[in-house]
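Q: Here it is, the structure in full.
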Amino acid sequence: MKLEVFEDDEWVDEVSRRWISFVAASPTSRLCLPTGETPRPFYAKSAPIIDLSAATVFLLDEFSLPVGSPARCDAMLRRDLLGSLSQPPLALEALDVDAADTDAECMRFDRLVNDGGLDLTLLGLGGNGHLGLNEPGTAADSPTRVVTLHEGTTLAVSGYDEAARPTHGMTLGLQSILDSREIWLLVTGSHKAETLERLMSGPIGPELPASFLRDHQHATVFADKSAASRL
Ligand code: PGA
């Protein structure tokens, strides 16, 4: 795993430029994308320029919330990225949290991802070190599955929808994330500094799921100076 640190006011431009170049060089890429606060300015910068019309997009995770909740990841991705693209991606694949058989749905999604794999997975860093909704305690070989959310994750969701208090969600498993050919972990802000410090220098293990990235050959952490202030 590599670490690249940018000035706070250069982070968005730099990472956006690289994403646009990545997709321009490989237009048919299979991309896994996160939602949340971290990628929002990056998506806003990239959306008017990037051409995803030949790309397949996989949505990283989803909360067990009713359709229409602004805190759902599919709603956030539409708001923050998809709605501002000049052309939609070739395909958009997401976990159906409303499926009658959620275990079968998770297996379907894992098969879809693994049949061709992921060229690039973008990730945010949870304050507790989670990746997607792979909360602390998750093994590196975990499949896509229904998960119980930790309290901090539930609280963060209510920032997007006051009434939303999801207890569960579905997430791409760590196994499929770590099988991605390339992974970019996006980390910004001083509130992530302590978690990033643990990620860079603490033990590798399930207590901090993001620590598994340290063993990945093509993972890069793109941090701003605020997030990197304790390194
Ligand atoms: P954030 O969330 O980008 O909203 O900080 C990251 C995460 O929890 O994965």
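The values are calculated or read from the model by the stated rules, or taken from the named source; none is laboratory data. As the structure is a prediction and not an experimental result, all values here were calculated from the model. Cβ placement follows ideal geometry from the backbone for every residue including glycine, while neighbour counts extend to all protein chains displayed. The area values use the complete protein model at the heavy-atom level, side chains included, leaving out ligands, DNA and RNA. Shrake-Rupley method; radii C 1.70, N 1.55, O 1.52, S 1.80 Å.
Q: Being open to solvent by 50 Å² or more (accessible area, probe 1.4 Å) and near the ligand (Cβ under 10 Å from one of its atoms) is the requirement here; does residue 163 meet it?
A: No.
Q: Of all residues in the stretch 126-160, which are of a type in the set (A, V, I, L, M, F, W, C) and either open to solvent by 50 Å² or more (accessible area, probe 1.4 Å) or assigned to a loop (DSSP other than H, G, I, E, B) (or both)?
A: Those that are of a type in the set (A, V, I, L, M, F, W, C) and either open to solvent by 50 Å² or more (accessible area, probe 1.4 Å) or assigned to a loop (DSSP other than H, G, I, E, B) (or both): 133, 139, 140, 146, 149, 155, 156.
Q: Okay, moving on. Filter the stretch 107-125 down to residues that are open to solvent by less than 10 Å² (accessible area, probe 1.4 Å) and either of a type in the set (Gly, Ala, Ser) or near the ligand (Cβ under 10 Å from one of its atoms) (or both) and give me whichever is farthest from the chain's Cα centre (by Cα).
A: The residue in question is 125.
Q: Shifting gears a bit: Out of (1) open to solvent by 10 Å² or more (accessible area, probe 1.4 Å); (2) within 14 Å of the ligand (Cβ to nearest atom), the odd one out for residue 175 is which?
A: Status for residue 175: all satisfied but (2).
Q: Pairs needed: first member in the stretch 11-31, at pLDDT 95 or above; second member anywhere, surrounded by 15 or more Cβ atoms within 10 Å (Cβ to Cβ) and among the basic types (Lys, Arg); C-beta distance under 8 Å; at least 6 residues apart or different chains.
A: Pairs that qualify, where the first residue is at pLDDT 95 or above and the partner is surrounded by 15 or more Cβ atoms within 10 Å (Cβ to Cβ) and among the basic types (Lys, Arg), are 12/45; 13/45; 16/45.
Q: Of these, 71, 104, which one is surrounded by fewer than 22 Cβ atoms within 10 Å (Cβ to Cβ) and away from the ligand (no atom under 16 Å from the Cβ)?
A: 104
Q: How many residues does the stretch 185-207 hold that are within 13 Å of the ligand (Cβ to nearest atom), of a type in the set (A, V, I, L, M, F, W, C) and not in a helix (DSSP H, G or I)?
A: 3
Q: While we're on this one: Looking at (1) open to solvent by 20 Å² or more (accessible area, probe 1.4 Å); (2) hydroxyl-bearing (Ser, Thr, Tyr); (3) in contact with a helix residue (DSSP H, G or I) (Cβ under 7 Å, 6 or more places away or on another chain); (4) over 25 Å from residue 161 (Cα atoms), can you tell me which one residue 53 breaks?
A: Of everything listed in (1) open to solvent by 20 Å² or more (accessible area, probe 1.4 Å); (2) hydroxyl-bearing (Ser, Thr, Tyr); (3) in contact with a helix residue (DSSP H, G or I) (Cβ under 7 Å, 6 or more places away or on another chain); (4) over 25 Å from residue 161 (Cα atoms), residue 53 misses just condition (3).
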